[in-house]
1. Between region 1-49 and region 363-442, what is the C-alpha centre distance in whole Å?
2. Mind putting together the pair-distance distribution for region 322-454? All Cα pairs, 5 Å bins, whole percent per bin, short to long.
3. Please give, to one decimal in nm, the separation of the simple spin-label points placed at Lys219 and Thr314, each 7 Å out from Cα toward the Cβ.
4. Based on DSSP, what percent of beta bridges with both residues in region 231-419 are antiparallel, to the nearest 5?
5. Using only the alpha-carbon atoms of the chain, report the extent along each of the three principal axes, biggest first, to the nearest angstrom.
6. Near the amide H of Val264, under 5 Å away, which other amide H atoms are found, from residues 5 or more places off or on another chain, if H is placed in the peptide plane?
7. Along Cα→Cβ, 7 Å out, is where each label goes; now give me the distance between the ones at Ala97 and Glu118 in nm to one decimal.
8. Return the whole-Å distance between the Cα centroid of region 170-200 and the Cα centroid of region 216-243.
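What follows is calculated from the coordinates using simple rules that are stated; it is not laboratory data. Predicted model only: the values in this text are computed from it and were never measured. Here Cβ is always computed from backbone atoms with ideal geometry, including for glycine, and neighbour counts include all displayed protein chains.
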Amino acid sequence: MKVINPATETVITEIAEDTNQSILEKFDLLTKGQQAWSKVNIADRIAAIQKFYDLLDENKDELAATLTSEMGKPLQQSYNELNGARGRIKYFIDNAAKYLAEEWVTTEGATKEKIVFEPLGVIANISAWNYPFLVGVNVFIPALISGNAVFYKPSEYATLTGLHIQSLLYKAGVPENCFQMAIGKGSVGEQLLLLPLNGYFFTGSYRTGKYIAEKVAGKMVPCQLELGGKDPLYVADDVDNIQKAAADALEGVVYNSGQSCCAVERIYVQENIYDDFVNAYAEECKKLKIGDPLDKDTDIGPLSRKEQQAFLETQVDDAVILGAQIVCGGKIPDRKGYYFEPTVLVNVNHNMKVMMEESFGPVVGIQKVKDDAEAIALMQDTSYGLTAAVFSKSFERAENIMQQMNTGSVYWNCCDRVSASLPWSGRKHSGLGATLSYQGIRAFVQPKAYHIRG
Ligand code: NAD
């Protein structure tokens, strides 16, 4: 399997994919390792994760450079991702023992009762490339702390980062037979679906997530899915500062070249401030610097995958044919690398792909709405349900809208944000189950009810 630098289109290295035989051998190893790991004191399991947390910092320059070279995000954003991942790990280190401890629920009377949380066993962590550290630690950190063994399948677009993660976990004291990597493309991930694993934790597209959920349904084991989104942002006419609203919205659209599950993908603006907002947004957008992700002035690096250029071009063409206007960007720049210009479309509507399909790029449509009711109807007109944001001066007004969103997260005067202490979950085609927070710790254990008499 070739690892390609999306900024230069050069081959960084070639890596051998796992075979059916090597996957079976790794599974055998994990099955044995998990038994012993689950008996290790939780304080010792947490100590290994604490060491991993330290190693991420000690090795941050190499890790950030690798991440940028294989998936193209600007170097500073790779450092930000590492920092963010360490913040999440810290949350698990500080909170896991509390939520995994046995709970006595009845201590009086003839029959005492308690709940014990047992690990699931050997779980699959099938992961995406856009934030390999963040989406990885959501799963393998709480899974390991709670006594599971992990079969980790990084995306084929983030394999080198996956290999770094594996070697640092081993260095930190996680036994090799508790963490193994499945290296390769989707066909290697497919092998994991055939194994009798005890849980499937997937981050990726709706298409693959649906396939996996259907394929493993008969196993009757947990299957959690963190999938895509088409996340809306509504700018109400009482915002304090239109320039700031536009700059914040732009950040939500283009960060990581728009390749975030919770990126802002649609903007609705109340009619009386629409023109001012569009002008402010376009002005900010034109200032963005596309370039080499290793250059510290670069705002927009390449897309990670070549096919995504044509995908975005089709969305823009479709919108223009149906009457949209390009205010900014809209093209594949004439340079090496998988770049796409940050793009703003106006005169858009819900007949256009750009307002309905996940773009996963630095592209957004801005639509005019009459009032909150129209905004709510349009925000809810989607098969996805990851996040929704409202910019308004009034919390009451925003809260009324947030309550009506069928999404896992809602934002008032912010967007494109994840917190370790809040559950991260998608509704409808955006997923099933939650990671992060206490729910994302309990997701990796099964309760056993003890009825104790005598
Ligand atoms: P993808 O679905 O193409 O791939 C995800 C993973 O699944 C990869 O490791 C891939 O090799 C593997 N895979 C592919 N086919 C498989 C099969 N048949 N069996 C088993 N494994 C298989 O997704 P992607 O392009 O890596 O990620 C982008 C998508 O992920 C976007 O839709 C994005 O919104 C979503 N995402 C969601 C979240 C979230 O928290 N909700 C976070 C990050 C990314």
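1. Rounded to whole Å, the Cα centres lie 34 Å apart.
2. Taking every Cα pair in region 322-454, the percentages come to 2, 8, 13, 16, 16, 14, 11, 7, 5, 3, 2, 1, 1, 1, 0, 0.
3. The two pseudo-label positions are separated by 3.1 nm.
4. On the way: 3 of 25 bridges.
If we restrict to bridges inside region 231-419, about 10 percent are antiparallel.
5. 73, 58, 40
6. The answer is Val253.
7. Using points 7 Å along Cα→Cβ, the separation is 2.4 nm.
8. With region 170-200 and region 216-243 each reduced to a Cα centre, they are spaced 27 Å.
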